[in-house]
Amino acid sequence: MSKNLFLQKVLTKNGVILKSPTLNTIDAVEILKQVFGLTTKVVFGVATNKSPGRGIGFTFKLKQNIKIIPSKLQEFSFIIGESKFTGRLLTNVGIAPSLGELVQVSVVRTNFALTEDQIALWLSAYGQVASSLQYRENPEISDVVEDNIDLLMRLKKHIPSVLPAYGKKLNIRYKGQPILCSKCLIAGHVRKTCTSTANNWMGYVKMFVDSGLFHHSMFGVWYEYLKEQESTQNPPTQ
């Protein structure tokens, strides 16, 4: 797995939208310290992206995986000199990202049924996993997590909202994700406009198996069910 990447966008200075961003990589060091509690010792590099009238973005590439939960830093603030700046994680705001851009991906309602390595293996078929997988902290119970996972990815293709992973339905969510038709189980349109033949869950699993992108062991018992179905429908001839 690659090292963590954290994108953040500074939006205001003293309550006013940044029209002419002037922050630089030296200021980024203060952001690391005040917002993330990190020093440059763990940083491999810093990239800046200045957009007049749209704030300034910083990308930090780290030397090691650091446990930072993106969902807890949806909004942040820091002080440089006598000015107070505010911002948000870029992956949580704005328009849907294009393929190739970093996006925050959520794996929801996992029921703790799969390991992080199993989940990462499935997701890696759709792009670069660019951070560690972090369980969300439970908002009501301290030091206890939910069965939802957040991570950053650089997508090379869109991820279906449900993956047939190791005999479990793995639910994936992110901004800009194509909707999955509940009739044909193909992404990109809704049931109301669907003109395709209706599909069922095992037919959906078969689409992934037939793609050749996944080893049969990644489907768990569903691969066995599928092969059993096929042998029943197509009994061997004498």
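For the reader, a short list of remarks on this structure follows.
- Filtering the range 138-167 to residues that are modelled with pLDDT of 90 or more, in contact with a Gly (Cβ under 9 Å, 6 or more places away or on another chain) and on the phi < 0 side of the Ramachandran plot leaves Leu155, Lys156, Lys157, His158, Ile159, Pro164, Ala165.
- Selection status of Leu38, assigned to a loop (DSSP other than H, G, I, E, B), touching a strand residue (DSSP E or B) at 6+ places or on another chain (Cβ under 7 Å), modelled with pLDDT of 80 or more and at negative phi: no
- Ile119 being in a strand (DSSP E or B) and under 16 Å from Arg173 (Cβ atoms): no
- Residues in the range 99-136 that are without any contact (Cβ under 8 Å) to a residue 24 or more places away in the chain and either among the small types (Gly, Ala, Ser) or touching a Cys at 6+ places or on another chain (Cβ under 9 Å) (or both): Ser124 only.
- Members of the range 138-188 that are out of contact with any strand residue (DSSP E or B) (no Cβ under 9 Å at 6 or more places or on another chain) and over 19 Å from Asn200 (Cα atoms): Glu140, Ile141, Ser142
- Among the residues of this structure, Asn138 counts as one that is within 23 Å of the chain's Cα centre (by Cα), surrounded by fewer than 15 Cβ atoms within 10 Å (Cβ to Cβ) and closer than 30 Å to Gln64 by Cβ.
- Scan of the range 153-181 for residues that are assigned to a loop (DSSP other than H, G, I, E, B) and closer than 19 Å to Trp222 by Cβ, ordered by number: Ile159, Pro160, Ser161, Tyr166, Gly167
- Every test in (1) loosely packed, with under 11 Cβ neighbours inside 10 Å; (2) under 26 Å from Glu137 (Cβ atoms); (3) modelled with pLDDT under 80 is passed by Lys9 save one, and that test is (1).
- If you go through the range 186-209 and keep only what is surrounded by fewer than 10 Cβ atoms within 10 Å (Cβ to Cβ) and either assigned to a helix (DSSP H, G or I) or among the aliphatic types (A, V, I, L, M) (or both), you end up with Lys192, Thr193.
- Any hit, the range 125-141, residues being aromatic (Phe, Trp, Tyr), in contact with a helix residue (DSSP H, G or I) (Cβ under 9 Å, 6 or more places away or on another chain), under 14 Å from Phe214 (Cβ atoms) and not in a strand (DSSP E or B): no
- Verdict on Lys175 being among the basic types (Lys, Arg) and more than 21 Å from Arg109 (Cα to Cα): no
The values are calculated or read from the model by the stated rules, or taken from the named source; none is laboratory data. Just so it is clear, the model here is predicted, and its values are computed rather than measured. Note that each Cβ is placed from the backbone with ideal geometry, even for glycine, and that neighbours are counted across all protein chains shown.
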